[in-house]
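Following: one structure in structure tokens, then a few remarks.
What follows is calculated from the coordinates using simple rules that are stated; it is not laboratory data. Note that the structure is predicted; figures quoted are calculated from it, not measured. When we count neighbours, we look across all protein chains shown, and the Cβ atoms used for this are built from the backbone with ideal geometry, even at glycine.
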């Protein structure tokens, strides 16, 4: 009996996902952490977590319990140092009329860098765009949307939480015939003062016209994530709609 229990414990330990203990470098300028399941099969998804302004690679990584157990989870660090401890972003911002406006050159550089990063991870783990999900919060949400709308050959599914479409990326959107294969979960707080919920409503209207399969979920919160939203994301990923 003791030997059987030992074998079961051994099997359990090695069936658990492995988590990077140190920050890795993709060789192109983006540092990241990852969690890779012991066994990868045809249903394994690559989920890329993109933090918001002032966060780092651990910000959404700490929410990974809502993700499918057999997913490869990768969280890159934004290339812009915002100053302070563990404070990074994908672009600096200036004051806008209704919401912060991006420094366009930085946003564009990050868009291109993130797409290249995801492609490298896909090649490393033999995952295609159909099995790739990009989940971002705030700035990260804007970056996640930019991936599926301007690089649908890289990712066809996005989870956008408290983010918006950046105007500068609209001319780079792919044609409707391509975007009809894109799927988006959008979550936003109705009490969000930094980025009012009307941006989320505008996102939905714009993307629906482009043929994107988008769901908008609203929550009585500010510029943040709630347990209800995380639960909805978990269920949505588990029963993800077809394109």
Spin-label pair residue 130/residue 40, simplified geometry with 7 Å Cα→Cβ offset, distance in nm: 1.8 nm
Candidates 99, 75, 113: whichever shows maximal mean-square fluctuation once the chain is modelled as a Gaussian network with Cα springs under 10 Å: 99
Stretchable slack from residue 205 to residue 228, in nm (0.36 nm times residue separation minus alpha-carbon distance): 5.9 nm
Ranking of 240, 28 by count of other Cβ atoms within 10 Å, fewest first: 28, 240
Full-extension gain in nm, residue 93 to residue 81, via 0.36 nm per residue minus C-alpha separation: 3.0 nm
Fully extended contour minus Cα-Cα distance, from residue 239 to residue 218, at 0.36 nm per residue: 5.7 nm
Per-residue Cβ neighbour rank within 10 angstrom, fewest leading, 173, 137: 173, 137
Among 188, 217, 126, residue whose mean-square fluctuation peaks in a GNM of the chain (springs only between Cα atoms under 10 Å): 126
The chain, helix-only ellipticity at 222 nm - DSSP H runs n ≥ 4, -39,500 (n - 2.57), divided by all residues, nearest 500: -10000 deg cm²/dmol
Nitroxide proxy distance, nm - points 7 Å out along Cα→Cβ at residue 191 and residue 112: 4.2 nm
FRET efficiency for residue 176 and residue 119, using Cβ-Cβ distance with R0 set to 25 Å, rounded to 0.05: 0.55
Mean-position separation - Cα centroids, the range 121-153 and the range 23-72, in angstrom: 12 Å
Of 204, 63, 97, the one that fluctuates the most in a GNM where the chain has Cα springs shorter than 10 Å: 97
Label-point separation in nm, residue 103 to residue 65, each point 7 Å along Cα→Cβ: 3.7 nm
Histogram of C-alpha separations across the range 127-237, 10 Å bin width, %: 16, 52, 28, 4
Footprinting exposure proxy for 138, 226 (fewest neighbouring C-beta atoms within 10 Å first): 226, 138
Antiparallel DSSP beta bridges within the chain, percent to nearest 5: 35 percent
Principal axis dimensions, the chain - Cα atoms, whole angstrom, descending: 69, 40, 36
